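**Q** Pasting a structure below so you can have a look.
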């Protein structure tokens, strides 16, 4: 996890992971995307989050969830 992108602090939303420098939970981005809301609409709803932060987060998630890594997770879980 990149410390310049995501922070957790018990004093901010009880330690929920948020975009650094904001009180916007990371999960909120994925909730919006799941609902079909565009990144631009998300950014309009949460102006404290930058487009660069969203792109960096999506790149990080893409790096974490490659086919090879998911296969290893399934192997560990079984």
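Each reported figure results from applying straightforward, stated rules to the coordinates on display, with no laboratory input. None of the values given here were measured: they were computed from a predicted structure. Quick reminder, even Gly has a Cβ in these numbers, built from the backbone with ideal geometry, and neighbours come from all protein chains shown.
**Q** Report yes if some residue within segment 6-27 is at negative phi, touching a helix residue (DSSP H, G or I) at 6+ places or on another chain (Cβ under 6 Å) and assigned to a helix (DSSP H, G or I); otherwise report no.
**A** Scanning segment 6-27, I find no residue that is at negative phi, touching a helix residue (DSSP H, G or I) at 6+ places or on another chain (Cβ under 6 Å) and assigned to a helix (DSSP H, G or I), so the answer is no.
**Q** I need the full set of residues from segment 46-72 which are assigned to a helix (DSSP H, G or I) and surrounded by 12 or more Cβ atoms within 10 Å (Cβ to Cβ), in order please. Walk me through it before giving the result.
**A** Quick first cut of segment 46-72, residues assigned to a helix (DSSP H, G or I) only: 51-64, 67-72.
53, 54, 56, 57, 58, 59, 60, 61 - these are the residues of segment 46-72 that are assigned to a helix (DSSP H, G or I) and surrounded by 12 or more Cβ atoms within 10 Å (Cβ to Cβ).
**Q** Identify all residues within segment 1-49 that are in contact (Cβ under 8 Å) with a residue 12 or more places away in the chain and more than 21 Å from residue 64 (Cα to Cα); write none if there are none.
**A** Within segment 1-49, 13, 21, 22, 23, 24, 42, 45, 46, 48, 49 meet the criteria.
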